[in-house]
1. Using each residue's phi in the range 424-436, evaluate 6.51 cos²θ - 1.76 cosθ + 1.60 at θ = phi - 60° and report the 3J(HN,Hα) Karplus result to the nearest Hz, with x for Gly and Pro.
2. Between residue 467 and residue 380, what is the label-point separation in nm under the 7 Å Cα-to-beta-carbon projection?
3. If you take the alpha carbon radius of gyration of the chain and divide it by 2.2 N^0.38 Å, what ratio comes out, to two decimals?
4. By how many nm would the segment from residue 147 to residue 410 grow when fully extended, if each residue of separation counts as 0.36 nm and the alpha-carbon distance is taken off?
5. Residue by residue through the range 314-327, which ³J(HN,Hα) values in whole Hz follow from phi under the Karplus form 6.51 cos²θ - 1.76 cosθ + 1.60 (θ = phi - 60°), with glycine and proline marked x?
6. Given the rule -39500 (n - 2.57) for each run of at least 4 DSSP H residues, summed and divided by the residues of the chain, what is its mean residue ellipticity at 222 nm, to the nearest 500 deg cm²/dmol?
7. So how much slack lies between residue 4 and residue 232, counting 0.36 nm per residue of separation and subtracting their Cα-Cα distance, in nm?
8. Once label points are set 7 Å from the Cα along Cα→Cβ at both residue 181 and residue 372, what is their separation, rounded to one decimal in nm?
Amino acid sequence: MKGLRPNILWICTDQQRYDTIGALGNPHVDTPNINRLVAEGVALTHAYCQSPICTPSRASFLTGQYASAVHVNGNGNSHFPDAPPLVTKMLSDAGYDCGLIGKLHLSSAFRRIEKRVDDGYRYWQYSHAPRDDWETGHDYADWVRSKGEVLGELIKSPDGVPAELHQTTWCAEKTIEFMREQRDGPWLACVNIYDPHPPFNPPKAYRDRFDPQQVNDPLFRESDSAQQKKLEAIDFQSKGRHPDALDIRNPAVPRSPGNNPSAEQGGGRDARTLIAAYYAMIKLIDDQIGRVIAALEDTGQRDNTLVIFTSDHGEMLGDHGLVQKGCRFYEGLVRVPLIFSWPGHVKSGQRSDALVELRDIAPLLLELAGLEVPARMQPRSLLPVLSGAQPPDEHRDFVRCEYYNALDQADGTYATMYRNRQYKLVVYHGHGLGELYDLAADPGEFDNLWDSPDHVGVKLDLMQRSFDASMLAMDAGPERIGPM
């Protein structure tokens, strides 16, 4: 595959958990088109983001480095640094025609269009979020206006924005438009769908397909209340400091079932209602992905196009009494879907349990384009896993995730996660608090072994390994060119 220069269709949803795909074990979702990508490609079932927050996660997978090494550690930043270059810029310089559809979120988009860097995108259709609070530059809102509607009015409806005018649908429309353009060389489409991000308000036609009483329960035990009480000083967005935050302190207790999950209604909804709305948003995503793949086939480009499906981070969705995102590292928040499909090149129908980081995507794309992979990316090639040249469960010995004062919250927490095949270690730096889970014995992450006398040796070993990994992940600075 190396140097074959395929077209690249890179679909990244926002805040989608790893366990939301029918073909990978969830019987309550409806994802036939994503299932097809699984059947025709490689599904990496243990892929991890490098931050549970949007901007640092995206900074990481677009540069191939940890967010801390790029000095982009949180949301709301004034700008993105001029270096290192994004992988899209590197591919553009190498002859790829690059397009951005939807969200970018490498710097603050609060009541403004975020500042662009030299990102390599020739085709630019921007929509940070499906709101109408920017006077100019919101391409999705302009598209809605071209249809004779006003986005600001539609989002107030208790029925949600209709599917035909939804931001997810607009993303598909603009992606198809880009793919149909005439060009001589390969292309890269970065499709960044806002859903299934809060406020969990799918179109009514989709919401009605999912009965809250017919979805799975969140992971919750009574002991979670004590655990979150212990960690209450640690930043978590669902405390209510965010306008879309909900209040599900005990997801095991149904509260107001059947309410429409819209931002205007606030909290007080049970977890199953939230999960049903979340699955409805994913159903709309799946339908639009089906349209995009059909357009690839209709234009004769499918066999020369690598399709990537992933998300920037997950969503707590009621697990352990929490919703949304923040300074936690539970599987539902840091583990995401990652699927690669390319007929004749990526092994068909392969499930890989290998530990993978989202920052592995950028060096892979450079390899496929025949470009040198910079040492700063600390690359570990995914090609052997995708081609079937090596056992599917072999890639990384561990994965890391970081939270360095990532949200505008009072505590300004710094925390790291180190996860190997058996254990997950979380350290909340400066608090004397942490978490340790034996994922082989406790995949639900209910039994925190941090204070267990029987696991002191394991904890100390993992802390040293995590510290070593953090030191090796830092920005090394300018290239050394001499002895002094």
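1. So the J values, rounded to whole Hz, are 10, 10, 10, 10, 9, 5, x, 10, x, 10, x, 9, 9.
2. Taking the two extended label points, one gets 2.2 nm.
3. Details: Rg = 21.4 Å, N = 484, 2.2 N^0.38 = 23.0 Å.
In units of the 2.2 N^0.38 Å rule of thumb, it is 0.93.
4. On the way: separation 263, 0.36 × 263 = 94.68 nm, distance 4.28 nm.
Residue separation times 0.36 nm, minus the Cα-Cα distance, leaves 90.4 nm.
5. 3J(HN,Hα) across the range 314-327, in whole Hz: x, 8, 5, 6, x, 4, 6, x, 10, 10, 6, 9, x, 7.
6. Numbers: 14 runs with 129 residues, N = 484.
Using -39500 (n - 2.57) per qualifying helix, the result is -7500 deg cm²/dmol.
7. Working: separation 228, 0.36 × 228 = 82.08 nm, distance 5.05 nm.
Once the chain is fully extended between residue 4 and residue 232, it gains 77.0 nm.
8. Result: 3.0 nm between the two label points.
Laboratory data are not the source of any read-out in this text; all were calculated from the coordinates shown. Source: prediction; values computed, not measured. Cβ atoms come from the backbone with ideal geometry, glycine included; neighbour counts cover every protein chain shown.
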